[in-house]
Amino acid sequence: MAANNRRMSGKKGAQVGSGGQRRRGLEGKGPTPPAEMRKGHKKNRVATSKAKQTARRPAPKGRGGKSTSELVVGRNPVVEALREGVPANTLYVQQFIDNDERVREALQLVGERGGIHLMEAPRPELDRMTNGLNHQGLVLQIPPYEYAHPEDLAAAAYDAGEDPLIVALDGVTDPRNLGAVVRSVSAFGGHGVVVPERRAAGMTAGAWKTSAGTAARTPVARATNLTRTLEAYKKAGIVVVGLAADGDGEIGELAALEGPVVIVVGSEGKGLSRLVGETCDFRVRIPMPGGAESLNAGVAAGVVLYEAARRRA
């Protein structure tokens, strides 16, 4: 009997009170995941590496490319940007901030506009984001501006049954001047502005503010090489006119303003660069009886655009 008990005690099988654990252990766990999803597998390591590389890779650019995102820092600048309708995607507000009039207005404007995320962040995080600038507890993130391609400006004009009227800026580095030119182009029925990719003003928050909202409907294109872009316009039958203090004639004498034209405006101090000046079909001056030596880019573009619009009316 004792031997029989020993044989029974060594018998394999489910024990009383196991709760069916062995039965559940025999149940299937679904199909085997692919190798790319199995941790430790060679293919999983390769897939993970590719995913990290993709995350680090910059986003694909459009035909004209994109600028980088920008931060507007400080209570007054943030409120002014929101008032002027500068595009924004996130307003960062410091935790436990003193709720003064400007903070309340910023929050109200964000609520009225919609589409802007409101994020609360500790002061150290805002200090890190702004590289230690005096943000006063408010930081507004401006999304990257999506530039058009120079060819798109002329194509849009022809699609509308109009002769292209475009302004190109050569060596203009002040965003406020760019914003003023965009505003003038919009006011006088122009089709866009071309800026060089390097050493030139871009569509920053300052340019948006100066444009008084017209940047939302007037495209700005970015040229990798301004001289080559102007040559391409000439091949397409568009006359390139450069503004220069020592120009051969006056702007009022130029019949080319009545047809497809690109008006090139240089910087206030240096004017047109040599290569750009040589590329122009005409170099003309704005008469200034008052004796001023030069006009800033925004004013000069406005004068010529008015003359072009008057002739086309």
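Rule-based calculations on the coordinates, nothing more; no lab input. Quantities reported herein were computed from a predicted structural model and do not represent experimental measurements. When we count neighbours, we look across all protein chains shown, and the Cβ atoms used for this are built from the backbone with ideal geometry, even at glycine.
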Which ³J(HN,Hα) values, rounded to whole Hz and listed in residue order, are derived for the stretch 120-136 from phi using the Karplus coefficients 6.51, -1.76 and 1.60 in 6.51 cos²θ - 1.76 cosθ + 1.60 with θ = phi - 60°, glycine and proline given as x? 9, 9, x, 4, x, 5, 5, 4, 5, 4, 9, 6, x, 5, 7, 7, 6
Cβ-based charge dipole, the stretch 153-251, positive-most Cα from Tyr233, Met203, His191: Met203
Highest mean packing first, using Cβ neighbours within 10 angstrom, the peptides 176-186, 114-124, 137-147 sort as 176-186, 137-147, 114-124
Eligible aspartates and glutamates near Lys209 by straight Cα distance, threshold 19 Å, same-chain separation 8 or greater: Glu70, Glu80, Glu84, Glu105, Glu112, Glu146, Asp174
For the stretch 94-173, the dipole about the Cα centre with charges only on Cβ (Lys and Arg +1, Asp and Glu -1), to the nearest 20 debye, works out at 520
Projected label distance in nm at Arg83 and Glu162, using a 7 Å step from Cα toward the beta-carbon: 3.1
If the chain between Ala187 and Ala212 were fully extended at 0.36 nm per residue, the gain over the current Cα-Cα distance would be 7.9 nm
Does the stretch 201-266 classify as rounded, prolate or oblate by the C-alpha gyration tensor (a ≥ b ≥ c root eigenvalues; a/c under 1.5 gives rounded; else a/b over b/c gives prolate, otherwise oblate)? prolate
Taking the dipole about the Cα centre of the stretch 117-193, with the C-beta of Lys and Arg at +1 and of Asp and Glu at -1, give me whichever of Pro164, Gly132, Ala148 is farthest to the positive side. Gly132
Proximal aspartates and glutamates to Lys235, defined as alpha-carbon separation beneath 13 angstrom and excluding residues fewer than eight positions away on the same chain: Glu151, Asp281
